[in-house]
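What follows is one structure encoded as structure tokens, with my remarks underneath.
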2 protein chains.
Amino acid sequence: MSDGVGRVETRSRVLFDEERPLVLESGARLTHVEVAYETYGELDAAGANAVFVCHALSGDAHAAGYHDGDRRPGWWDNIVGPGRPLDTDRLFVVCANVLGGCKGTTGPGSLDPATGRPYGLRFPQLAVRDLVQVHRALLRSLGVSRLRAAIGGSLGGMQVLQWSLDHPGEIGGAVIVAASARLSAQNIAFSAVAREAIMRDPDFAGGDYYAADAGPARPRPDRGLALARMIGHITYLSEESMRQKFGRRIQDAVEPRYGFDVDFEVESYLAHQGQSFVERFDANTYLYMTRVMDYFDPFTDPAYVQRQVAAAGAGGGAGPAGTRYLVLSFDSDWRFSTEHAREIATELRGAGAPVTFREISAPHGHDSFLFPIPEYHRTVGGFLDALAGEAVAS
Amino acid sequence: MSDGVGRVETRSRVLFDEERPLVLESGARLTHVEVAYETYGELDAAGANAVFVCHALSGDAHAAGYHDGDRRPGWWDNIVGPGRPLDTDRLFVVCANVLGGCKGTTGPGSLDPATGRPYGLRFPQLAVRDLVQVHRALLRSLGVSRLRAAIGGSLGGMQVLQWSLDHPGEIGGAVIVAASARLSAQNIAFSAVAREAIMRDPDFAGGDYYAADAGPARPRPDRGLALARMIGHITYLSEESMRQKFGRRIQDAVEPRYGFDVDFEVESYLAHQGQSFVERFDANTYLYMTRVMDYFDPFTDPAYVQRQVAAAGAGGGAGPAGTRYLVLSFDSDWRFSTEHAREIATELRGAGAPVTFREISAPHGHDSFLFPIPEYHRTVGGFLDALAGEAVAS
């Protein structure tokens with residue numbers, strides 16, 4: 001068993017400034033964008049072995065290894081490391097906190113250079129395309145112009161999809177896991193209720209709950225954010241995994257207490273998820289990221305998709321092989337079910353792209369993308385190995 | 001097309017008092033229990049044509065017809081009326097607001113005779129069995145000792161099931177629709193988050209948000225209750241019905257607004273559901289009723305179930321025919337899926353009861369039990385007609 005990538009640290013770079021602002025899809029400009037990122041493995045001399053990991057709603061740049069003093073590794077440590085599917089003996093793996101995030105990359109909690117105060121809800125609305133622009137700027141600054149692959153689950157998969165469409169030839173292999181190209185009404189409904197929980201919290205204060213530098217500490221909308229996380233968490237697990245994990249077991253008691261306190265184990269689990277989330281996440285980022293997902297709809301212009309896929313296939317940009325797709329879903333995922341993944345595969349194939357689509361059997365619901373399910377890891381590893389073969393052959 | 005039952009009004013009776021208190025399953029006593037109820041049709045001379053309707057979480061006694069000035073009829077008007085499946089030309093239909101409710105029956109918003117103040121969370125915890133005791137007392141006061149049938153959806157079906165088990169021979173036909181005999185971990189999780197939303201609302205004030213007679217008006221935990229309703233509502237609709245009803249359509253606008261205000265139609269719908277609910281419902285009742293459902297688990301003692309079913313089949317109590325069961329589920333219901341209904345049918349059959357089980361195809365999710373789906377109404381009507389035949393023959 002490999003020890004993984006070992007000690008790592010999150011670094012950061014300023015990628016956009018007043019002279020080179022980031023122009024968003026909405027037309028808004030950000031004149032200071034700093035990005036937190038981690039890398040694992042070494043970039044080869046040809047700059048051809050880079051793989052970008054796009055994280056999901058509540059993720060961050062710390063995908064693998066251990067920070068000093070931490071007892072738990074990064075959120076995707078089981079797939080990133082020596083001998084693992086994203087094999088850091090052979091690949092240069094990059095992960096960055098997304099734009100609008102709260103773990104080191106510029107977001108609604110950052111200071112607005114124009115006012116010197118935190119943006120709050122004055123931070124501009126974002127699109128998946130904007131998140132991708134920042135990833136690309138980071139890669140350029142690291143000396144990477146073409147990716148062996150980009151991979152991501154959920155919102156991460158959306159980033160990979162948008163990236164591959166907008167920049168033909170820039171990604172050799174696009175691995176899109178447990179994602180959606182178009183949230184359903186039910187998906188949007190869950191997000192909407194989570195946002196309402198945050199925005200109705202009296203401590204939300206219109207998003208201006210950050211302690212100003214000189215001002216007193218303010219309460220944060222912890223109640224609302226915890227509720228949002230609890231709601232989200234139910235949709236991340238399958239009914240079956242909840243049944244296996246908790247059933248109807250009563251928490252630290254032989255007999256039910258018949259009251260409104262936490263009593264069933266599943267209640268205690270959710271309460272813990274909510275509480276630990278508020279300690280590490282920002283409510284405004286939650287609002288921005290869920291809205292990014294609600295509005296995501298990359299296949300509305302079929303002519304654009306077809307043109308971009310054709311450009312990639314013709315070797316547009318940097319590589320000879322265009323973009324190959326691996327689209328994965330999990331059979332117990334009811335947040336972004338296999339129907340969502342199949343739609344992605346169908347649209348891409350319809351535009352002429354080479355797509356491997358597979359539904360993996362796994363019990364963990366939407367969260368399955370975070371688990372080391374053998375068939376899943378074999379499929380991802382095999383896909384990346386085949387890309388490496390092409391890179392050598394080319 | 002029939003005009004329905006026409007004008008109706010909700011009446012009320014005091015059924016328990018200091019001399020005849022209601023002793024709950026927990027051992028607690030209520031020394032003043034008033035019940036709000038409605039009746040439709042006439043009780044026949046033999047007192048043999050009564051059907052009791054048990055309502056669900058957010059229902060009330062007003063099942064059919066119109067109150068003075070109302071533009072919309074009671075919540076189950078499509079099934080109760082002349083010529084309808086619960087045919088008021090032939091049946092005497094009774095519906096009562098449940099114990100712990102907020103629509104006229106004693107509940108947490110009622111005055112505690114011991115203190116003269118509203119109970120709030122000092123109201124005792126309830127079990128489904130307690131709700132049934134109050135229904136039975138109402139029927140006795142109306143001169144009914146045996147029911148032709150009892151029918152209910154969701155929490156209503158739970159009441160029918162518990163009633164039929166505890167009082168063999170008292171119900172001719174038990175119609176259990178879209179119910180569960182044992183909430184899953186996921187079911188409990190949704191209820192738990194809904195309760196958290198209420199209890200974390202600063203206006204909840206530990207449940208003491210009622211205006212005291214002499215005191216000033218207090219704000220009510222409307223934010224929390226609206227959130228609870230929104231969460232619940234997502235689980236009442238199927239993903240497919242949400243897709244058909246809303247899709248990704250944008251509310252009163254050609255273009256999305258890209259902000260955190262309500263934008264998609266499904267958001268607007270949920271916000272409306274939340275808002276209209278707080279105008280007609282009490283947050284404490286929501287807490288009590290969801291907890292009643294969480295703890296419901298009537299099949300834990302198989303020997304008891306078998307004994308009770310045998311007693312009913314032997315003509316125990318009042319009738320020669322024992323209790324026949326009709327257990328129905330809807331294929332798009334993911335709150336109480338067909339698995340829940342099948343478990344009820346299997347347990348009852350295992351104890352020797354005659355059970356007809358049917359899964360009805362309907363698109364409306366859990367809410368299907370409220371819709372006039374032809375196969376559903378035919379099945380219920382046919383079952384009741386057969387019971388009438390038996391009543392005549394006996």
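For the stretch A:335-347, residues that are touching a residue at least 40 places away in the same chain (Cβ under 8 Å) and not in a loop (DSSP other than H, G, I, E, B) total 5. When residue A:223 is tested against (1) out of contact with any Asp or Glu (no Cβ under 7 Å at 6 or more places or on another chain); (2) charged (D, E, K, R); (3) at pLDDT 95 or above, just one condition goes unmet, and that condition is (1).
Suppose the filter is among the polar types (S, T, N, Q), more than 20 Å from residue B:127 (Cβ to Cβ) and crowded, with 19+ Cβ neighbours inside 10 Å; does residue B:361 pass it? No, not satisfied.
Of the helices (runs of 4 or more DSSP H) that lie entirely inside the stretch A:201-311, those containing 1 or more residues that are over 28 Å from residue A:341 (Cα atoms) span A:222-236, A:265-278, A:283-295. Determine whether residue A:270 is in the same structural domain as residue A:224 (by the TED database) and either closer than 30 Å to residue A:208 by Cβ or surrounded by 21 or more Cβ atoms within 10 Å (Cβ to Cβ) (or both). So residue A:270 passes the test. A residue that is within 14 Å of chain B (Cβ to nearest Cβ), of a type outside the set (Lys, Arg) and crowded, with 23+ Cβ neighbours inside 10 Å occurs nowhere in the stretch A:150-173. In this structure, does residue A:251 turn out to be closer than 29 Å to residue B:289 by Cα, surrounded by 15 or more Cβ atoms within 10 Å (Cβ to Cβ) and away from every other protein chain (no Cβ under 11 Å)? Criteria met by residue A:251. Residues being in contact (Cβ under 8 Å) with a residue 24 or more places away in the chain, more than 10 Å from chain B (Cβ to nearest Cβ) and either among the acidic types (Asp, Glu) or in contact with a strand residue (DSSP E or B) (Cβ under 6 Å, 6 or more places away or on another chain) (or both) are entirely absent from the stretch A:288-307.
Residues considered: A:48, A:36, A:63. Of these, the only one that is in contact with a strand residue (DSSP E or B) (Cβ under 7 Å, 6 or more places away or on another chain) and not in a loop (DSSP other than H, G, I, E, B) is A:36. Within the stretch A:348-394, the set of residues being outside any helix (DSSP H, G or I), more than 24 Å from residue A:73 (Cβ to Cβ) and β-branched (Val, Ile, Thr) comprises A:355, A:356. With respect to the conditions (1) among the small types (Gly, Ala, Ser); (2) closer than 30 Å to residue A:359 by Cβ; (3) touching a Lys or Arg at 6+ places or on another chain (Cβ under 7 Å), residue A:189 lacks only one, and its number is (3).
The values are calculated or read from the model by the stated rules, or taken from the named source; none is laboratory data. Everything quoted here is computed from the prediction, not taken from an experiment. Don't worry about glycine lacking a Cβ; one is built from the backbone with ideal geometry, like all the others, and counts go over all protein chains shown.
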